Structure formats: C-alpha cells, structure tokens
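The values are calculated or read from the model by the stated rules, or taken from the named source; none is laboratory data. All of these numbers come straight from a predicted model, not from anything done at the bench. We place every Cβ from the backbone using ideal geometry, glycine too, and count neighbours over all the protein chains shown. Ligands, DNA and RNA are excluded from the accessible area calculation, which covers all protein heavy atoms including side chains. Shrake-Rupley method; radii C 1.70, N 1.55, O 1.52, S 1.80 Å.
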Amino acid sequence: MDEMIEKFKKHDWFYEYLEDGSQWREAAQKHRELMAEVRKMPMNQVAKLIEHVPEEARIRFGSHVGIIS
C-alpha cells in the first residue's frame, strides 16, 4: 500500500493539460498503467488512496475506478 501511495503522490494527475504530444502520450500511458493497478486492488484500499489524489482530480479518479458512477 505504501508503494501505491508514493505512486499517487508522484503521479501527474493533470497530464491532460500537457501541450507537448509526446509528453502527453507518455503521461497518459503511465495513468492507464496506474489505473490498471488500482483496479486490481480491494475496494477498501482504493477508497484509502483517494486522499492522495488532488481534490480537483478526485471525481475523475473515482469514476475511473468505480467509486463514483
């Protein structure tokens, strides 16, 4: 769990705003990989991770992992 928290802290939650296409593609791939890892976790652990997501990105995160529909 500590490893996932560190990944969340380092993740670029606002990669969609990158103007450079190659940077955006790289960041989008990292986001997909992170979300794939999260989807394999028990929901009670996922709920604990949301506090490590910037407030502005929480709704998007929650919808990606099924916390918010």
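Out of region 1-35, which residues are in contact with a Leu (Cβ under 9 Å, 6 or more places away or on another chain), in a loop (DSSP other than H, G, I, E, B) and open to solvent by 60 Å² or more (accessible area, probe 1.4 Å)?
Matches in region 1-35: 1, 12.
Are any of the residues in region 36-45 open to solvent by less than 70 Å² (accessible area, probe 1.4 Å), closer than 15 Å to residue 13 by Cβ and β-branched (Val, Ile, Thr)?
The answer is yes, given that some residue of region 36-45 is open to solvent by less than 70 Å² (accessible area, probe 1.4 Å), closer than 15 Å to residue 13 by Cβ and β-branched (Val, Ile, Thr).
Considering region 58-69 alone, what residues qualify as being outside any loop (DSSP other than H, G, I, E, B), open to solvent by less than 70 Å² (accessible area, probe 1.4 Å) and under 20 Å from residue 1 (Cβ atoms)?
Within region 58-69, 61, 62, 64, 65 meet the criteria.
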